[in-house]
Amino acid sequence: MADLTFTDQNFADEVLQSQTPVLVDFWAAWCVPCRIVSPIIEELAVDYSGKLKVGKLDVDANGTTAQNYGIMSIPSVVLFKNGEPVKTMIGAQSKDNYKKEIDAALAS
Amino acid sequence: MYDVIILGSGPAGLTSAIYTTRADLKTLLIAGVKWGGQLQLTTLVENFPGFPEGIQGPDLMLAMRKQAERFGTEFIDEDFDSVDFSTQPFKVTVAGKTHEGKAVIIATGAETKWLEVPGEKEKIGRGVSSCAPCDAVFFRGKNTIVVGGGDSAMEEATVLSKFADSVTIVHRKDSFRASEIMQKRVLENPKIKVLWNSEVKEIKGEGKVEGVVLFNNKTNETSQMPIDGVFVAIGHIPNSGKFKDIETDEAGFIKVHDHYKTNKDGVFVAGDVHDSHYKQAVTAAGYGSAAALEAERWLEGMEAS
């Protein structure tokens, strides 16, 4: 499955009410490290297809959601389970690192 | 088997790659997850020759990378795990895979030196930052401090002042070491104040930054200051920790022997990982070219023998 686009409008439906866990990449166009993370997120969407919903949220256009979750640095990649943020990964990281954290959080 | 493996993708590593590939040496560059080095975290670079109007740091790095790619440099955008310089060929392991090279150029640069005070580590990304161009937008209408007195502290403060309500530079001495032009920009900015002779002793707050404990080293007074953001710009630590057999000084800067050689024959060094004096994009690029030329000469000697 390809990665999704989350917004202030669809966040409650797509993320908070989701039956499957959701990985949200908080990003912005001007953020250089976000450009490094972006293709990794797209790969994770494919790798975890069926197990995890994966998408991006542009913090410039969706400031309310970013603020609600205290995002103060991007990229911040947050894993939501049952509507709650259970893991926040701040700053660009390797794909392996994201996988390690996702696997641990999904297993718990 | 590569002729040269370059570790690092800042101005030093990329310039090395441009030179080695143009010398027809088969080159692998381990760029790291966060490729491009410190310039990826800056805005306008005004002192790199050839750009009279300045150039954005990330644009400059992308241009250097394209130039290195054009001549055939192979890139791996992962961090390396370990190196083995004990026998020829040298080995570099990245994501579980081992690559072999006859010569190595270490250009791993330097990374943010944090304050190492209570409350800092757990609040990185939650109000503690080392990159104003990345994070300043989240401090719109907020009050912030910048810790440091060099060019990067001046840049952090200038960038932050476009978003934050107030920016206070906290500096432990009574004068800045930053260049005159950068200092002037800060001191003339009505949004930026300076606290001289002051040190941050603790960062307070639950889950995010809410204040700092300051110590004035002239009066020995301790005070509290409510604050939303702490931007740390007190310098950099050389990335030399993964090289067990390479000599460094006490601060971790790799020791240079006779023209960019390390203590290990066939291992060369360029850029901020050995340079504690200049730390400029243009000097790093210069070191990169010098190390590449030395590596080329060394490889010629190796073939001849």
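The values are calculated or read from the model by the stated rules, or taken from the named source; none is laboratory data. Since the structure is predicted, the reported quantities are computational estimates derived from the model, not experimental observations. Because the Cβ atoms are built from the backbone with ideal geometry, glycine has one as well, and the counts that use them run over all protein chains shown. Just so you know, the surface numbers come from the protein's heavy atoms only, side chains and all, with ligands and any DNA or RNA stripped out. Shrake-Rupley method; radii C 1.70, N 1.55, O 1.52, S 1.80 Å.
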Sort out which residues of the range A:74-91 are at the interface with another protein chain (Cβ under 8 Å from one of its Cβ atoms), of a type in the set (Gly, Ala, Ser) and within 15 Å of A:Leu23 (Cβ to Cβ), and write them in order of number.
-> A:Ser76
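Restricting to strands (runs of 3 or more DSSP E) lying wholly in the range B:203-303: which have 1 or more residues that are open to solvent by 10 Å² or more (accessible area, probe 1.4 Å), under 30 Å from B:Val128 (Cβ atoms) and not aromatic (Phe, Trp, Tyr)?
Passing ranges, in order: B:211-216, B:221-226, B:236-238.
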Criterion violated by A:Ile102 - all others in (1) of a type outside the set (Phe, Trp, Tyr); (2) modelled with pLDDT under 95; (3) in a helix (DSSP H, G or I) satisfied = (2)
Being open to solvent by less than 20 Å² (accessible area, probe 1.4 Å), more than 21 Å from the chain's Cα centre (by Cα) and at positive phi is the filter here, so list the residues in the range B:33-91 that pass it.
-> none
Tell me which residues, restricted to the range A:74-99, are outside any strand (DSSP E or B) and not β-branched (Val, Ile, Thr).
-> A:Pro75, A:Asn82, A:Gly83, A:Gly91, A:Ala92, A:Gln93, A:Ser94, A:Lys95, A:Asp96, A:Asn97, A:Tyr98, A:Lys99
Number of positions in the range A:60-73 that are at the interface with another protein chain (Cβ under 9 Å from one of its Cβ atoms) and either open to solvent by 10 Å² or more (accessible area, probe 1.4 Å) or assigned to a strand (DSSP E or B) (or both) | 6
State whether the residues of the range B:191-203 include one that is within 14 Å of another protein chain (Cβ to nearest Cβ) and not hydroxyl-bearing (Ser, Thr, Tyr).
-> yes
Looking at A:Ile102, A:Ile36, which is the one that is within 14 Å of chain B (Cβ to nearest Cβ) and open to solvent by less than 60 Å² (accessible area, probe 1.4 Å)?
-> A:Ile36
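Yes/no per residue for (1) in contact (Cβ under 8 Å) with a residue 12 or more places away in the chain; (2) of a type in the set (Asp, Glu); (3) within 12 Å of another protein chain (Cβ to nearest Cβ); (4) within 28 Å of B:Ile181 (Cβ to Cβ):
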{"position": "B:Glu53", "(1), (2), (3), (4)": "no, yes, no, yes"}
{"position": "B:Ile76", "(1), (2), (3), (4)": "yes, no, yes, no"}
{"position": "B:Val83", "(1), (2), (3), (4)": "yes, no, no, no"}
{"position": "B:Glu100", "(1), (2), (3), (4)": "yes, yes, no, no"}
{"position": "B:Ala103", "(1), (2), (3), (4)": "yes, no, no, no"}
{"position": "B:Ser129", "(1), (2), (3), (4)": "yes, no, yes, yes"}
{"position": "B:Ala132", "(1), (2), (3), (4)": "yes, no, yes, yes"}
Can you pull out the residues in the range B:145-179 that are surrounded by 24 or more Cβ atoms within 10 Å (Cβ to Cβ) and under 10 Å from B:Ile192 (Cβ atoms)?
-> B:Val146, B:Met154, B:Ala157, B:Leu160, B:Ala164, B:Val167, B:Ile169
What about A:Lys95, is it open to solvent by 30 Å² or more (accessible area, probe 1.4 Å), basic (Lys, Arg) and facing chain B (nearest Cβ under 10 Å)?
-> yes
Scan the range B:102-123 residue by residue and report those that are surrounded by fewer than 20 Cβ atoms within 10 Å (Cβ to Cβ) and either of a type in the set (Phe, Trp, Tyr) or on the phi < 0 side of the Ramachandran plot (or both).
-> B:Glu111, B:Thr112, B:Lys113, B:Trp114, B:Val117, B:Pro118, B:Glu120, B:Lys121, B:Glu122
Report whether or not B:Val186 is more than 14 Å from chain A (Cβ to nearest Cβ), in contact with a helix residue (DSSP H, G or I) (Cβ under 9 Å, 6 or more places away or on another chain), open to solvent by less than 80 Å² (accessible area, probe 1.4 Å) and touching a residue at least 24 places away in the same chain (Cβ under 8 Å).
-> yes
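Every residue, every condition in (1) in a strand (DSSP E or B); (2) over 24 Å from B:Glu300 (Cβ atoms); (3) in contact (Cβ under 8 Å) with a residue 24 or more places away in the chain, yes or no:
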site: B:Ile5; (1), (2), (3): yes, no, yes
site: B:Ser9; (1), (2), (3): no, yes, yes
site: B:Gly13; (1), (2), (3): no, no, yes
site: B:Ser16; (1), (2), (3): no, no, yes
site: B:Tyr19; (1), (2), (3): no, no, yes
site: B:Asp24; (1), (2), (3): no, no, no
site: B:Leu28; (1), (2), (3): yes, no, yes
site: B:Trp35; (1), (2), (3): no, yes, yes
site: B:Leu39; (1), (2), (3): no, yes, yes
Please specify each residue of the range A:12-31 satisfying the condition of being open to solvent by 10 Å² or more (accessible area, probe 1.4 Å) and under 22 Å from A:Gly70 (Cβ atoms).
-> A:Ala12, A:Asp13, A:Glu14, A:Leu16, A:Gln17, A:Ser18, A:Pro21, A:Trp27, A:Ala29, A:Trp30
Of all residues in the range A:39-59 being open to solvent by 30 Å² or more (accessible area, probe 1.4 Å) and over 11 Å from the mean Cα position of the chain (by Cα), which is farthest from the other protein chains (Cβ to nearest Cβ)?
-> A:Gly50
